[in-house]
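Every number in this text was worked out from the coordinates using simple rules, so none of it is lab data. Fair warning: this is a prediction, and the values are worked out from it, not measured in the lab. In this analysis, Cβ positions are derived from the backbone assuming ideal geometry, glycine residues included, and neighbour counts consider all displayed protein chains.
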Amino acid sequence: MKKFNRLNLLAVVTVLISFVSLEAYSQSALEFFKEGYRKNEIRDYYGAIHDYNKAIVIDPFYVKAYNNRGIAYFKLFEFKDALKDFTKAISLKADYIDAYYNRGMVKGIIGDYYGAIRDFDAAIKLDSNFADAYNSRGIAKGNVGIYKDALSILIK
């Protein structure tokens, strides 16, 4: 009889834990993403990161959640985490222009100008009309002393 009670107790505890877990994630990844986006807009970057984390737990392939969490980290000057997220977004979607551009911006800020140039080149290869990528690439080239190329890019 004692063994039966322990099994019943274990079953009840398991059901309760499952119920609590399901309730914690009753929102969809999209809903957490939207809430994170809203918090990003009002400059609640820690709150945004929290919501993007939840979206990513639900959907580990949610490319936009990685990119937007990277933006929130960027705004908090947490460049290492921002780079990880932009790189993850690119690994999940190799043609994600925004992630290349954003990663290039972080690399430029931390002084990895050649890495920034490579990322801006990748963004431009995907969209030859991406004016911000041309401009940022020109600035990065200027920072490494490629002035002629930098000026021609900035004049475009």
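Things worth noting here:
- Cross-link table Lys64/Lys141; Lys88/Lys125; Lys80/Lys125; Lys39/Lys64, entries beyond 18 Å C-alpha to C-alpha: Lys64/Lys141; Lys88/Lys125; Lys80/Lys125
- Projected over all directions and averaged, the alpha-carbon convex hull of the range 45-133 occupies 5.2 nm².
- Temperature 25 °C, viscosity 0.890 mPa s: under these conditions the Stokes-Einstein estimate for the range 85-133, based on its Kirkwood radius over C-alpha pairs, is 237 µm² per second.
- For a label point 7 Å along the Cα-to-beta-carbon line of Ala94, residues of the range 105-147 with backbone N under 15 Å: 122-123, 125-126
- Distance from the range 26-84 to the range 94-116 (C-alpha centre basis), Å: 18
- Derived scalar couplings between HN and Hα for the range 31-48 equal 5, 5, 4, 4, 5, x, 4, 4, 5, 4, 4, 9, 6, 8, 5, 5, x, 4 Hz in order, rounded to whole Hz, by the Karplus curve 6.51 cos²θ - 1.76 cosθ + 1.60 (θ = phi - 60°), x for Gly and Pro.
- Within the range 42-84, backbone nitrogen closer than 19 Å to the virtual label 7 Å beyond the Cα of Asn135 toward Cβ: 75
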